[in-house]
Amino acid sequence: MKDMREVVDLLSGPDPVAAIEGSPDLFGHIVGLMDGTEHPRFHCEGDVWQHTKLVIKNVAADPDHDWLDILIALFHDVGKKYALVENQGKHMGGHENHSVTLFWEWCNKTGFTNSEPGRTWAHHADWCIEHHMDMHRLPEHRSACRIMLIVTDHRFPRLVRLAAADAKSDLGPDGKPTSDIKDIL
């Protein structure tokens, strides 16, 4: 079990990627689930871990970010390995559900949710991880009610931060981002 303050301090530093990579006892299993996981149609920037590092760096560049945004970025795609297996190697659809499960397993293992603030922050992270693909699909949603549930939620600004960083980190073969959150919003 880790002290939540240790997690906050690690993720609040100037180089959260280095802090994550330098804490294998805390994050090594999570990084290991992404390292080497890829699908030829996605992540031209490399495997899921390379993509996640870009997302974390883009989140850290946002002046409004905090340690929880970094934690959310770390976990947003961690379930892709399981989704790829589940989908017989065809796609990574549903990875956000696996990511949420892995996030809660990590929270329980580290004791992150043993306090009320930890439980509250974990629920913020859970919601953003679960809904991060909804941001990319907002234009496709046919239900105004579904869209309103997402955009009026008090966690929406955090979700936008993640989605913007994620969009900047999805690189095409030319090394340039394939989408921009401004096109969606």
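The values are calculated or read from the model by the stated rules, or taken from the named source; none is laboratory data. Owing to the predicted nature of the structure, the values given are computational and were not obtained by experimental measurement. Cβ coordinates were reconstructed from backbone atoms using ideal geometry, including for glycine residues, and neighbour counts include every protein chain displayed. Calculation scope for accessible area: heavy atoms of the full protein, side chains included, ligands and nucleic acids excluded. Shrake-Rupley method; radii C 1.70, N 1.55, O 1.52, S 1.80 Å.
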Some residue of region 118-131 being in contact with a helix residue (DSSP H, G or I) (Cβ under 7 Å, 6 or more places away or on another chain), more than 26 Å from K176 (Cα to Cα), part of a helix (DSSP H, G or I) and of a type in the set (S, T, Y): no
Residue, modelled with the highest pLDDT, within region 38-53, restricted to residues that are within 15 Å of the chain's Cα centre (by Cα) and part of a loop (DSSP other than H, G, I, E, B): D47
Where a residue in region 150-164 is on the phi > 0 side of the Ramachandran plot and its partner, wherever it lies, is open to solvent by 50 Å² or more (accessible area, probe 1.4 Å) and of a type in the set (D, E, K, R), with Cβ under 7 Å and at least six apart: none
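Take E105 and tell me if it is under 26 Å from H123 (Cβ atoms), among the charged types (D, E, K, R), free of Cβ contacts under 8 Å to residues at least 12 places away in the same chain and open to solvent by 10 Å² or more (accessible area, probe 1.4 Å).
yes
Given the criteria under 15 Å from I72 (Cβ atoms) and either modelled with pLDDT of 90 or more or not in a helix (DSSP H, G or I) (or both), does D134 qualify? Reasoning before the result, please.
Details: under 15 Å from I72 (Cβ atoms): yes; either modelled with pLDDT of 90 or more or not in a helix (DSSP H, G or I) (or both): no.
No; evaluated as a whole, the condition is false for this residue.
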Residues located in region 67-85, provided they are among the charged types (D, E, K, R) and touching a Ser or Thr at 6+ places or on another chain (Cβ under 7 Å): D77, K80, K81
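Could you go through region 129-152 and let me know if any residue there is closer than 22 Å to H29 by Cβ and open to solvent by 20 Å² or more (accessible area, probe 1.4 Å).
Kept after step one, since they are closer than 22 Å to H29 by Cβ, are these residues of region 129-152: 129-130, 132.
Now narrow it down to the ones that are open to solvent by 20 Å² or more (accessible area, probe 1.4 Å): 130.
Yes, because at least one residue in region 129-152 is closer than 22 Å to H29 by Cβ and open to solvent by 20 Å² or more (accessible area, probe 1.4 Å).
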Pairs with Cβ under 9 Å, 6+ apart, first in region 57-84 and closer than 18 Å to F103 by Cα, second buried (at least 22 other Cβ atoms within 10 Å of the Cβ) and among the acidic types (D, E): A73/D166; H76/E96; H76/D166; D77/E96; D77/D166; G79/E96; A83/E96
